[in-house]
Amino acid sequence: MSLEELLKRLNRVVRGWCAYFKHGCSKRTFSYPSHYMWFEVAHWMRMKHRRTAWRRLRRRYSDKRFPTYQPSENGTVLYDPASIVIERYRWRGHAIPTPWSVRAEQLETLSQA
């Protein structure tokens, strides 16, 4: 398996997970998978190229645009969950209509008649 294929598989799963949980208080939670994935991908690179020095691996497999040396290959970069913007769910109170309130009004009009 190439690094590009590994990154595509990881990114797909992590993006979905982050999209699901971005509405909660999860900024600190998102920083943990970011660090964990970086170390796991770095470990995978070290196991794949056992005799290569870390400095050489970092030059070969990292994107220079990122200061944290994000692993990348052929334009596919390891996704950083810590970069997700947290969107709080806005409680709108009674602005959301429910079918139960309509049904309660219908029952009241029937009981009054």
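Derivation of every value follows stated rules applied to the coordinates shown; laboratory data play no part. Values in this document were obtained by computation on a predicted structure and should not be read as measured data. We place every Cβ from the backbone using ideal geometry, glycine too, and count neighbours over all the protein chains shown.
Kirkwood radius and radius of gyration were both taken over the C-alpha atoms of the stretch 3-112, and their ratio Rg/Rh is 1.36. Within a straight-line Cα-Cα reach of under 25 Å, Lys22 can be paired with the following lysines, leaving aside sequence neighbours fewer than 8 residues apart in one chain: Lys8. Placing unit charges on the Cβ atoms only, positive for Lys and Arg and negative for Asp and Glu, gives the stretch 19-59 a dipole magnitude near 360 debye about its Cα centre.
For the pair Arg60 and Ala104, the difference between a 0.36 nm per residue extended length and the Cα-Cα distance amounts to 9.2 nm. For the stretch 3-112, the residue among Trp17, Trp38, Gln106 whose Cα projects farthest onto the positive side of the dipole built from Cβ charges is Trp38. Between amide H atoms placed 1.01 Å from N, distances below 5 Å from Ser62 occur with Ser72, all of them 5 or more places distant or on a separate chain.
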